[in-house]
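Novice: Below is one structure. I have some questions about it.
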Amino acid sequence: MADNGRDLAKQRVSRRRFMIMTINGVGAGTALLIAAPIVGSVLSPVFAKRKTPWVLVADISRVAVGAPTAYVVNLPTDEGWPVPPVPRTVYVVKLNLNGKVQMITLSNVCSHMQCDVHWDLNLQQFFCPCHGGLYSIEGVNIGGPPPWPLFRYEHKLVGTTLYVRNVLTGTGA
Ligand code: FES
């Protein structure tokens, strides 16, 4: 008789547990159904594939070989949520390599602590005023603390008109 009572109590407990688990499961499922589209819509820009647009820089036919010339360009960033384009300085450098003129487009952001470097006419090198970093005309780090060369922007020429996009590529190393 006593055993029967205990069994009944166990059954009641397990029914109660079953009910609680069912209610919790339904609650969790409902919450998931409501939350999934919201979370998805918030995070989708982060994972969306975007095409980094080309941005007009200028007609660079007047840029002389060996005379890096700075242009400020509004470049859209290509990560995460859409944000307005940010102004970036792009150095257009024409080089005479074995009698052939080649062009590179350098970022002016120092590889040490991201100060702005500039072309120094007296030194004939890129100079970073923050800690005295030096870079060659190709953007190779040649003095001071910078650990790496300057980054380069991807670029394309349409005739003599230069376009860049906010994709930093290989370095001058
Ligand atoms: S930030 Fe350019 S040398 Fe330190």
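Condition check ((1) polar (S, T, N, Q); (2) crowded, with 17+ Cβ neighbours inside 10 Å; (3) within 16 Å of the ligand (Cβ to nearest atom); (4) within 15 Å of ALA70 (Cα to Cα)) across all residues:
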{"residue": "GLU138", "(1), (2), (3), (4)": "no, yes, no, yes"}
{"residue": "GLY144", "(1), (2), (3), (4)": "no, no, yes, no"}
{"residue": "PRO147", "(1), (2), (3), (4)": "no, no, yes, no"}
{"residue": "GLU154", "(1), (2), (3), (4)": "no, no, no, no"}
{"residue": "VAL158", "(1), (2), (3), (4)": "no, no, no, no"}
{"residue": "ASN166", "(1), (2), (3), (4)": "yes, yes, no, no"}
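Yes or no, residue by residue, for (1) touching a Lys or Arg at 6+ places or on another chain (Cβ under 9 Å); (2) of a type in the set (Gly, Ala, Ser); (3) over 21 Å from ASP59 (Cα atoms); (4) near the ligand (Cβ under 10 Å from one of its atoms):
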residue: VAL90; (1), (2), (3), (4): no, no, no, no
residue: VAL93; (1), (2), (3), (4): no, no, no, no
residue: GLY99; (1), (2), (3), (4): no, yes, yes, no
residue: ILE104; (1), (2), (3), (4): yes, no, no, no
residue: GLY132; (1), (2), (3), (4): no, yes, yes, yes
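Novice: Please state which one of ASN108, ASN96, ASN122 is loosely packed, with under 12 Cβ neighbours inside 10 Å and closer than 28 Å to VAL158 by Cα.
Specialist: Among ASN108, ASN96, ASN122, only ASN96 is loosely packed, with under 12 Cβ neighbours inside 10 Å and closer than 28 Å to VAL158 by Cα.
Novice: If you go through the stretch 86-107, how many residues are touching a residue at least 12 places away in the same chain (Cβ under 8 Å) and assigned to a loop (DSSP other than H, G, I, E, B)?
Specialist: Total meeting the criteria: 0.
Novice: Restricting attention to the stretch 111-122, report how many residues are without any contact (Cβ under 8 Å) to a residue 40 or more places away in the chain and within 14 Å of the ligand (Cβ to nearest atom).
Specialist: 7
Novice: Being buried (at least 19 other Cβ atoms within 10 Å of the Cβ), away from the ligand (no atom under 16 Å from the Cβ) and in contact (Cβ under 8 Å) with a residue 24 or more places away in the chain is the requirement here; does PRO82 meet it?
Specialist: Against the criterion (buried (at least 19 other Cβ atoms within 10 Å of the Cβ), away from the ligand (no atom under 16 Å from the Cβ) and in contact (Cβ under 8 Å) with a residue 24 or more places away in the chain), PRO82 does not qualify.
Novice: Within the stretch 128-144, is even one residue closer than 18 Å to VAL167 by Cβ, in the same structural domain as GLY66 (by TED's automatic domain parsing) and not charged (D, E, K, R)?
Specialist: yes
The values are calculated or read from the model by the stated rules, or taken from the named source; none is laboratory data. The structure presented is a predicted model; accordingly, all values stated were derived computationally and were not measured. As a convention, Cβ positions derive from the backbone with ideal geometry for all residues, glycine included, and neighbour counts pool all protein chains shown.
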